[in-house]
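Asker: Quick one: structure below, then a few questions.
A short reminder: the numbers here are calculations on the coordinates, not readings from a lab. If you're wondering where the values come from, they're calculated on a predicted model, not measured in any experiment. For neighbour counting, all protein chains shown are included, and Cβ atoms are generated from backbone atoms with ideal geometry for every residue, glycine included.
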Amino acid sequence: MDNRLDSFGDDALGRHDAVALAEAIRTGATSAAELAAAAVARAQQIDPALHAVACASYEDPRYGEDKAAALFGVPTFVKDNTDVRGLPTNHGSEAFRARPARKDGAFARQLLSTGMTVLGKSRLPEFGFSPSTEFMTEEPVHNPWDTEYSVGASSGGSAALVAAGVVPIAHANDGGGSIRIPAACAGLVGLKPSRGRHIDGEMARTMPINIVSEGVLTRTVRDTAAYLAAIEDYHRNPALPPIGTVLGPARRRLRIGLVLDTTIGEGIDEQTRAAVLHTATLLEQAGHRVEPIALPITAQWAHDFVQLWSLLADLAASTGKLTFDRSFDSSKLDGLTRGLRAHHRATLHHTPGALWRLRKTADTVAGMFAKHELILSPVLTHITPKLGYLSPTIEFDELLHRLTGYAGFTPINNVAGTPAISLPMGMAAEGVPIGVQLSAAYGDERTLIETAYELEAAYRFPTLAY
């Protein structure tokens, strides 16, 4: 039985990426209203089976104000943990029902400066704590490649909408892999920028370690490059080297470290290993030098990250009425959030030491990039699992074991603040994509994008468009 699900067709959106659609608007071949109408029709057709939309504003799309903006008129969705005026922000939680936001969040203003048309919010698991967009009682977000499989998380709704063709680009953010994991599961390009590359959202500013980066999920490298150039036009951090407009590969050849083992020594499945090694071969054939290296990170680091993770869950649960909404009811939190909170309460004395050690990660990771411009690794230890494997209804200790074993590569970049990108460089026998990660030194998104262009040319990224 074919469990694939897509909405591609011969309407105004066609099979085009965001850059092509923005150009079509500029030349008069289409309009922002036509693209919005096509995306709404696609969403209404497919979302009853996909379950990716958290809330919709189909009757009153939020059009970009600046017609000269780089992505003016391209339809999109914003992840439901970011305030957009007039829309509620529920953070994927069943513990409260938020009122419509009175104003745009700080990062939302930067995102909207690109000119994109907002059609609504995309779903995430509760507070973004899980790498699979599943819930206690509500329907999960389904993977368009096979609806029995997870689409990843926490930007799972955005990934599903882009992969299925509803929109060509959608907002995502990443506090432990939440851009890169759904990109890997759904066959997309997902770049986590450097810490400080964009204006921080409100939640990130309150974290003991700012691990959250804002970005997008796209089907092409040039869409990701165009987005980064556009947000840099609105705000550029003078402490970071500019990215600029990246239109293709660079000529310089790189030293690339190859990592195949996680911080806790978790092995990777054979299909994932094959995709990473094939990517290494393509890079070597292009003239880059690829050599195996070991991560300078110990198993203690993974325990420390779980401690930070559980601290954030405890803070969310403890301050819910103040932070989210007066209707917040902690008894309705999902099993993962409740389990993480209990874990933190039981191990509270470990938190100061964990934070102290985690804050050294940036210096440790910087040492890797003194010898290599890029690090190549898997995104995940195995292919995306079937829905239910990472459900928040599972007994907590077993769920935590599965989560830490699955997402062992991505959190390092969040704590270090370094950029990383997931690229769809393989297909599993099960019919779902496999993502490969490249990471770079702090502030060096440009090298990631240049190399991504090379790999896109060398390997045809999987897509449901054809």
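Asker: So what is the relative contact order for region 212-277, in percent, with contacts set as C-alpha pairs under 8 Å and at least six apart?
Answerer: 21
Asker: Further question: Sort 185, 55 by Cβ crowding within 10 Å, fewest neighbours at the top. Kindly include the intermediate steps, with their values, before the conclusion.
Answerer: Details: 185 34, 55 17.
Taking fewest neighbouring Cβ atoms as first place, the list is 55, 185.
Asker: Give me the Debye-computed log₁₀ of I(q)/I(0) at q = 0.20 Å⁻¹ for region 326-453, equal point scatterers on Cα only, no solvent, two decimals.
Answerer: Normalising to I(0) and taking log10 leaves -1.18.
Asker: With the dipole of the chain worked out from charges on the C-beta (+1 for Lys and Arg, -1 for Asp and Glu) around the Cα centre, which of 84, 340, 362 lies farthest toward the positive end?
Answerer: 362
Asker: Same structure, new question: Give the Rg/Rh ratio for region 205-307, taking Rg as the radius of gyration of the Cα atoms and Rh as the Kirkwood radius, to two decimals.
Answerer: Values: Rg = 17.7 Å, Rh = 17.4 Å.
Result: Rg/Rh = 1.02.
Asker: Moving on to the next point. Rounded to the nearest 20 Debye, what is the dipole magnitude of region 1-45 about its Cα centre when Lys and Arg each give +1 and Asp and Glu each give -1 at the C-beta? Show your work: numbers first, answer last.
Answerer: Numbers: 4 positive and 7 negative charges, 17 e Å.
Using Cβ point charges on Lys, Arg, Asp and Glu, region 1-45 gives about 80 debye.
Asker: If I stretch the segment between residue 31 and residue 274 completely, what's the gain in nm (0.36 nm per residue apart, minus their alpha carbon distance), one decimal?
Answerer: Gain on extension, residue 31 to residue 274, equals 83.1 nm.
Asker: Want the number for residue 233 to residue 291: 0.36 nm per residue separation, take away the alpha-carbon distance, what's left? Intermediate values should be presented prior to the final figure.
Answerer: Numbers: separation 58, 0.36 × 58 = 20.88 nm, distance 3.67 nm.
Once the chain is fully extended between residue 233 and residue 291, it gains 17.2 nm.
Asker: Counting pairs of alpha carbon atoms under 8 Å apart in space and at least six apart in sequence, what relative contact order in percent does the chain give? Each step should come with its number before you reach the end.
Answerer: Values: 1116 pairs, mean separation 86.8, N = 466.
Answer for the chain is 19 percent.
Asker: How far, in nm, would the chain grow between residue 202 and residue 303 when pulled straight, counting 0.36 nm per residue and subtracting the alpha carbon separation? Provide the component values of the computation, followed by the final result.
Answerer: Values: separation 101, 0.36 × 101 = 36.36 nm, distance 2.66 nm.
Working it through step by step, the gained length comes to 33.7 nm.
Asker: Okay, next question. Using a 10 Å cut-off on Cβ atoms, rank the peptides 110-116, 277-283 from the highest mean neighbour count down.
Answerer: Values: 110-116: 24.0, 277-283: 18.3.
In decreasing order of mean packing, 110-116, 277-283 become 110-116, 277-283.
Asker: Could you tell me the extents of region 18-458's C-alpha atoms along the three principal axes, largest first, rounded to whole Å?
Answerer: The Cα atoms of region 18-458 stretch 56, 52, 45 Å along their principal axes.
Asker: Can you sort 325, 269 so the residue with the fewest Cβ neighbours within 10 Å comes first?
Answerer: On the way: 325 19, 269 15.
Final ranking by Cβ density, sparse to dense: 269, 325.
Asker: Now for a different question. Can you tell me how region 399-450 classifies by the Cα gyration tensor, rounded, prolate or oblate, using a/c under 1.5 as the rounded cut?
Answerer: On the way: a/c = 4.95, a/b = 1.26, b/c = 3.92.
Oblate, because a/c is 1.5 or more while a/b does not exceed b/c.
Asker: Which value results for Rg/Rh of region 240-380 when Rg is the Cα radius of gyration and Rh the Kirkwood radius based on the inverse mean 1/r?
Answerer: Values: Rg = 20.3 Å, Rh = 18.5 Å.
With Rg and the Kirkwood Rh in hand, the quotient comes to 1.10.
Asker: Let me spell out the model: positive unit charges on the Cβ of Lys and Arg, negative unit charges on the Cβ of Asp and Glu, origin at the Cα centre of region 18-458. What dipole size does that give, in debye rounded to 20? Numbers along the way, then the final one.
Answerer: On the way: 40 positive and 46 negative charges, 222 e Å.
For region 18-458, the charge dipole is close to 1060 debye.
Asker: Ranked by Cβ crowding within 10 angstrom, fewest neighbours first, how are 356, 301, 145 ordered? Present the calculation step by step, with values, prior to reporting the outcome.
Answerer: Numbers: 356 10, 301 22, 145 27.
Listed from fewest to most nearby Cβ atoms, that is 356, 301, 145.
Asker: Something else: Mind putting together the pair-distance distribution for region 14-146? All Cα pairs, 10 Å bins, whole percent per bin, short to long.
Answerer: The distribution over region 14-146 is 12, 39, 35, 12, 1, given as percents.
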